[in-house]
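Report on one structure; see the data block that follows.
The values are calculated or read from the model by the stated rules, or taken from the named source; none is laboratory data. These numbers come from a predicted model, not from an experiment. Ideal geometry is used to build each Cβ from the backbone, glycine not excepted, and the neighbour counts take in all protein chains shown. Heads up: the accessible areas ignore ligands, DNA and RNA and are worked out on the full protein's heavy atoms, side chains in. Shrake-Rupley method; radii C 1.70, N 1.55, O 1.52, S 1.80 Å.
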Amino acid sequence: MKIAIPREQRPDEARVAASPETVKKLINLGFEVSVETGAGLGAAITDEAYEKAGATIAPDATVAFGDADVVAKVRRPLPDELKGVKSGALLVSIVDPFRAGDELGPLQKAGVTAFAMDLIPRITRAQSMDVLSSQSNLAGYKAVLDGAAVYGRAFPMMMTAAGTVPPAKVLVMGAGVAGLQAIATARRLGAIVSATDVRPAAKEQVESLGASFVAVEDEEFKQAETAGGYAKEMSPEYQKKQAELIAETIKKMDMVITTALIPGRPAPKLVSAEMVASMKPGSVVVDLAVETGGNCELSKPGEVVETGGVQIVGYVNVPGRLAADASALYARNILNFIELLVDKETKALAIDWEDQIVAETCIIRDGQVVHPALAPKDAAPPPAADSPAPEPAPGPSAEEAAPENGAAAEPEPESEPGPKPDGDKQGG
């Protein structure tokens, strides 16, 4: 078996899909590992480090792909990146299939079998493969640092002979993996932190981190969570009351961090232009959802926008801004997934298409889109056998999800109230 690790071609992507640690383990699984030269430089991994781990360094992606049985990437390959990939090869990457558009077509034509790591199901045995948790954890941390970098004041209270510097007031919208890490990080920096989420279960988690919880806690709020831990769509009356409360809260904040995403849909608008205008000059908004439309009405992808003295941070691919750690965690996610596809006795690929993780992650097989959420209604049934009944999830998804009601609703990590130290173990 051969696995190829190409260098990412998207200009904003510095991560890599393998580390020297995982290269050694892939070799132990029976793989020959080919890494494209320079693939790890953005994550501070040299070609020499890969060679020392046992990998072969290929001069370009075409050579790296060659006769590779598996291609592991961070992001969905651009059409030009598929040159040299053999038909029937397995592609494992973050595909973002709901926003892929025409870029799924070349994958079909190339004849690859594509697995989307961002569709890993929320079950206990898939925790170590949970890309969304491992990367969101870092995104929440980095969001606070990015905001602090443009905020023109100190975060902690400082008492000096010349006077007292007041602590910064931070509001985090959404208390999922990214939101909880943002809360913890802002607290470590000395800020006074508040957080909002429409799920009642989030209140305990927020308060356990030393932040105050902001929500209209009426009877509807108490019933605002599904059995699976996701936020329910709230009534127009509740939405109005919650929006009014958030609007009043935002006026008092020095920084607002938004984290709400809805899989397959545009991000909900949580911070309006009017809310931004009500903020004090020098305040900051950090929009972690800017790539999917943004939680803030005024944010722009890849830019720091200033309006009325308020700076709105819209950096894209925030986990990639911590490429070394993000790559290390992602590489482990990839390794743990690939282990599912290999027979450890024969050291050969042996895909169990009835495995829930495999079935729910595969989006393209034999040139056809097979994932039920992506396949056309009149498409032929996928070649894979029906997957078994889903294993009950121990907790809600770590991927941020929120209704469009003016308050973020990220599902929380599985059990512990705060962010766990090992990001790729989070989520349920």
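Modelled spin labels at Ser87 and Asp366, positioned 7 Å past Cα toward Cβ, are 1.4 nm from each other.
Quick one: if the Förster radius is 30 Å, what FRET efficiency do Arg99 and Lys280 give, using the C-beta to C-beta distance and rounding to 0.05? Computed FRET efficiency for Arg99 and Lys280: 0.30. Residue pairs exceeding 26 angstrom between C-alpha atoms, taken from Lys25/Lys73; Lys109/Lys300; Lys73/Lys344; Lys169/Lys241; Lys24/Lys109: Lys109/Lys300; Lys24/Lys109.
For the chain, the solvent-accessible area of protein heavy atoms averages 40 Å² per residue (probe radius 1.4 Å; ligands and nucleic acids excluded).
Overall, the anisotropy analysis places the range 65-158 in the prolate class: the square-rooted eigenvalues a ≥ b ≥ c of its C-alpha gyration tensor yield a/c not less than 1.5, with a/b exceeding b/c. Note on the range 136-245: with charges restricted to the Cβ of Lys and Arg (+1) and Asp and Glu (-1), its dipole about the Cα centre is near 540 debye.
Roll a 1.4 angstrom probe over the protein heavy atoms and tell me the percent of accessible area of the range 305-344 that is carbon or sulfur. For the range 305-344, the apolar C and S fraction of the accessible surface comes to 42 percent. Positive end of the dipole of the range 272-341 (Cβ unit charges, origin at the Cα centre): among Val286, Pro301, Ile334, the Cα lying farthest that way belongs to Ile334.
Report the calculated FRET efficiency for Glu237 and Glu51 (r = Cβ-Cβ distance, R0 = 45 Å), to the nearest 0.05. List each step's numbers first, then the result.
Working: r = 63 Å, r/R0 = 1.41.
That gives a FRET efficiency of 0.10.
Helical content alone sets the calculated 222 nm signal of the chain at -8000 deg cm²/dmol, taking -39,500 (n - 2.57) per DSSP H segment of four or more residues and averaging over every residue. Surface composition of the range 71-146: carbon and sulfur make up 51 percent of the accessible area, probe 1.4 Å. Projecting the Cα positions of Leu171, Thr22, Ser128 onto the charge dipole of the chain (unit charges on Cβ atoms of Lys, Arg, Asp and Glu, taken about the Cα centre) puts Leu171 furthest along the positive direction. Between Asp146, Asp47, Asp80, the GNM of the chain built on Cα springs shorter than 10 angstrom shows Asp80 fluctuating the most.
Looking at the chain, the DSSP beta bridges with both ends there are about 30 percent antiparallel. Here the chain is treated with +1 on each Lys and Arg Cβ and -1 on each Asp and Glu Cβ, and its dipole about the Cα centre works out to around 860 debye. Percent of Cα pairs in the chain per distance bin of 10 Å, from zero to the largest separation: 5, 22, 30, 24, 14, 5, 1, 0. For the range 1-61, a simple Cβ point-charge model (Lys and Arg +1, Asp and Glu -1, everything else neutral) yields a dipole of about 220 debye relative to the Cα centre.
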